[in-house]
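Each remark here refers to the structure printed beneath this line.
The values are calculated or read from the model by the stated rules, or taken from the named source; none is laboratory data. Quantities reported herein were computed from a predicted structural model and do not represent experimental measurements. Cβ placement follows ideal geometry from the backbone for every residue including glycine, while neighbour counts extend to all protein chains displayed. Surface accessibility is based on the protein's heavy atoms, side chains included, excluding ligands, DNA and RNA. Shrake-Rupley method; radii C 1.70, N 1.55, O 1.52, S 1.80 Å.
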Amino acid sequence: MPAKGATHTILPAPVKELDLHQGPAGVCIENVTRTFATRRGEVTALARMSLTAAAGEIVAVVGPSGCGKTTLLEIICGLQEPDSGTVRSAPAALMPQRDLLLPWLSALDNAALALRARGVGREQARATAAPWLERFGLAGFERTRPAQLSGGMRQRVSFLRTLLAGKPVLALDEPFASLDAITRAEMQGWLGQVLANEPRTVVLVTHDVEEAVVLADRVVVMSPRPGRVVADLEVALDRPRHRTASEVIEIRESALECLGMDR
Amino acid sequence: MRLARRVLPPAILLLVLFGAWELYVDLGGVDRLVLPAPRDVARSLFEDRSLLLSNLLVTAKEVLLGGVLAVVLGFGLAVAIQFSRTLRAAVYPLLIGSQAVPVVVIAPVLLIWLGFGLAPKLVVIALVSFFPVVVTTLAGFAAVDQDLMKLMRTFDATRLRSFWHVELPATMPRVFTGAKIAVAVAVIGAVFAEWTGSSAGLGYLLNQSIPQLLPARAMASVAILCVFAIALFGLLSLAERVAVPWAYQPRGEISP
Ligand SMILES: Nc1ncnc2c1ncn2[C@@H]1O[C@H](COP(=O)(O)OP(=O)(O)O)[C@@H](O)[C@H]1O
Ligand SMILES: [Mg+2]
């Protein structure tokens with residue numbers, strides 16, 4: 001299915017950079033091991049996992065489910081401590097796997113939640129978030145509650161909330177996994193444009209290899225649990241990338257091969 | 001049409017029950033001092049209306065004040081327990097234990113301590129009805145999505161801001177559930193408190209009507225108590241819909 005990046009004209013020309021993040025900064029994870037004690041014994045989610053993302057780099061992490069991707073992002077965001085290994089990362093904001101929007105807040109207030117969490121007043125937080133809602137194609141839905149938004153809109157609000165946290169690193173946990181194929185393709189094009197205009201260091205977790213190749217500068221392939229790196233593929237292609245381009249398909253195939261999914 | 005569907009079934013059920021009751025008393029040769037017919041109760045409702053009303057006002061005041069006290073107390077305790085592990089360990093078992101102490105024992109002691117006025121009634125009402133509020137509110141806190149709390153931490157939210165923006169609103173529907181249970185129990189509490197020692201209120205009237213051989217008046221008092229409890233419940237449901245509309249909003253997309 002051809003989804004042309006050129007058809008996504010949601011964003012106007014780059015807007016003056018808001019003073020949201022404290023300068024570029026990267027992520028460096030080395031030999032991280034994380035083990036959970038469960039009733040059925042110990043589960044090692046990550047085993048000597050390493051990952052780097054240079055400032056402004058988009059790194060996709062692909063791997064089978066249960067291989068420790070969410071655990072990795074929580075470690076980057078400081079929500080979990082590894083059992084061993086070193087973690088150095090600029091402050092990171094999480095976009096959780098489920099959109100986790102607050103059902104009692106409007107789209108605008110949900111987007112502004114990170115500001116409110118920092119103690120910004122209600123009116124000022126709204127004033128900051130409102131123009132972004134418009135840029136994200138959500139104009140007219142400011143007062144709509146999440147239950148009335150479509151899946152794609154909810155993901156956009158959720159992403160905006162993460163963006164407005166003002167952290168140099170974005171940790172995106174399978175942001176489009178819950179969407180139907182058409183909406184997902186649209187949202188991938190959309191995210192590519194947003195990141196072109198709002199450069200951040202991004203760790204994008206996904207189990208969609210195609211999504212990884214279309215969006216990322218590097219694709220890190222993880223093994224099944226316990227998760228560790230089995231391949232680190234450079235994607236040196238111009239943007240916007242088309243999922244039907246032969247170079248994209250080539251890298252996709254080699255990533256799938258590393259996942260052990262080649263025929 | 002929708003209203004008719006909601007009102008008709010209980011109305012028909014009541015009519016059938018009252019009809020059967022009326023027939024049983026009329027045709028069964030029952031002593032009406034033992035069991036008055038619905039017709040007798042209706043007559044008492046009409047003839048004693050000013051007496052019933054003035055006593056209802058006394059009871060209503062007790063229930064409302066006691067109910068508010070119970071909700072404030074119950075909610076406050078739940079929040080305190082939520083914030084302090086130590087307090088949870090220390091207080092929660094005592095709270096559960098407090099529910100096993102028979103109010104029958106406490107009420108007369110309260111009379112000695114606090115006299116025959118409003119105070120002992122409020123204490124009895126609050127005592128019997130704060131507990132559902134504590135339990136439902138704590139259940140609400142426990143049900144808060146922990147991933148949401150993690151998210152708030154990545155946004156650098158303080159404990160208090162996480163509470164204010166996430167835990168509190170998420171728990172509000174449960175607080176209303178607790179309050180609804182509390183008002184129902186509060187009515188029983190008020191009647192019991194009046195029964196133990198008072199000079200006014202529907203519970204007092206109820207207590208007086210039996211030795212005065214006015215069973216129809218006693219039943220009229222009970223009927224009014226029932227309607228009062230239902231009305232309070234309805235008012236709370238209404239307030240709930242206004243205060244936490246998102247808990248009722250149907251899921252559904254406005255646009256693609
Ligand atoms: N808090 C936890 N307690 C116990 N086991 C956990 C916990 N978090 C994750 N796990 C386990 O660790 C493994 C990796 O989980 P996760 O990071 O969520 O994987 P992924 O996001 O790649 O699907 C899974 O087997 C999961 O069951
Ligand atoms: Mg996951």
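Ligands, DNA and RNA left out, the accessible area of the protein assembly as shown computed with a 1.4 Å probe is 63% carbon and sulfur.
Just check chain A against the gyration tensor rule for me: Cα atoms, a ≥ b ≥ c as the square roots of the eigenvalues, rounded for a/c under 1.5, and otherwise prolate or oblate depending on whether a/b exceeds b/c.
Oblate, because a/c is 1.5 or more while a/b does not exceed b/c.
Over all projection directions, the Cα-based convex hull of chain B averages an area of 19.6 nm².
Measuring nothing but how far apart in sequence close Cα pairs (under 8 Å, 6+ apart) lie, relative to its length, segment A:100-164 scores a relative contact order of 51 percent.
Residue by residue along B:144-151, Cβ atoms of other protein chains within 10 Å of the local Cβ number 5 on average. Residues of segment A:96-139 that bury at least 30 Å² of accessible area once all protein chains are present, compared with their chain alone (1.4 Å probe, heavy atoms only, ligands and nucleic acids left out), are A:R98, A:L100, A:L102, A:W104, A:L113, A:R116, A:A117, A:R118. Using Cβ point charges alone (K and R +1, D and E -1), the dipole size of segment B:37-245 about the Cα centre works out to roughly 260 debye.
With semi-axes defined as the square roots of five times the eigenvalues of the C-alpha gyration tensor, the equivalent ellipsoid of segment B:1-113 measures 43, 22, 17 Å, largest first. For chain B, what relative contact order do you get, as a whole percent, if you take Cα pairs closer than 8 Å and at least 6 residues apart? For chain B, the relative contact order is 25 percent. Taking amide H atoms as placed 1.01 Å from N in the peptide plane, the amide H of A:M222 lies under 5 Å from those of A:V62, A:G63, A:V230, each 5 or more residues away in sequence or on another chain. Where q = 0.05, 0.06, 0.11, 0.13 Å⁻¹, what log10 of I(q)/I(0) comes from the Debye formula for the protein assembly as shown, counting one point per Cα? Debye output, listed in q order: -0.34, -0.46, -0.97, -1.21. Of the peptides A:47-55, B:125-133, A:220-228, the order by per-residue mean of other Cβ atoms within 10 Å, starting with the highest, comes out as B:125-133, A:220-228, A:47-55.
First obtain the Kirkwood hydrodynamic radius of segment A:100-164 from its Cα pairs, then insert it into the Stokes-Einstein equation at 37 °C and 0.692 mPa s, and state the resulting D in µm² per second as a whole number.
293 µm²/s
Remark: spin-label model distance A:S84-B:L87 equals 4.3 nm, labels positioned 7 Å along the Cα→Cβ axis.
From its DSSP helices (H runs of at least four residues, each -39,500 (n - 2.57)), chain A gives a residue-normalised ellipticity at 222 nm of -9000 deg cm²/dmol. On association of chains A and B, roughly 2600 Å² of accessible area becomes buried (total for both chains; probe 1.4 Å).
Every helix of 4 or more DSSP H residues in chain B counts as -39500 (n - 2.57), and over all residues that averages to -27000 deg cm²/dmol at 222 nm. Entry note, chain A: relative contact order of 28 percent, from Cα contacts under 8 Å with a spacing of 6+ residues. Taking θ as phi - 60° and the Karplus parameters 6.51, -1.76 and 1.60, the scalar couplings of segment A:30-46 work out to 10, 6, 7, 10, 9, 10, 9, 8, 10, 4, 8, x, 7, 10, 8, 7, 10 Hz in sequence order, x denoting glycine and proline.
At 20 °C and a viscosity of 1.002 mPa s, what translational diffusion coefficient does Stokes-Einstein give for segment A:151-263, taking Rh as the Kirkwood radius over Cα pairs? Give it in µm²/s as a whole number.
144 µm²/s
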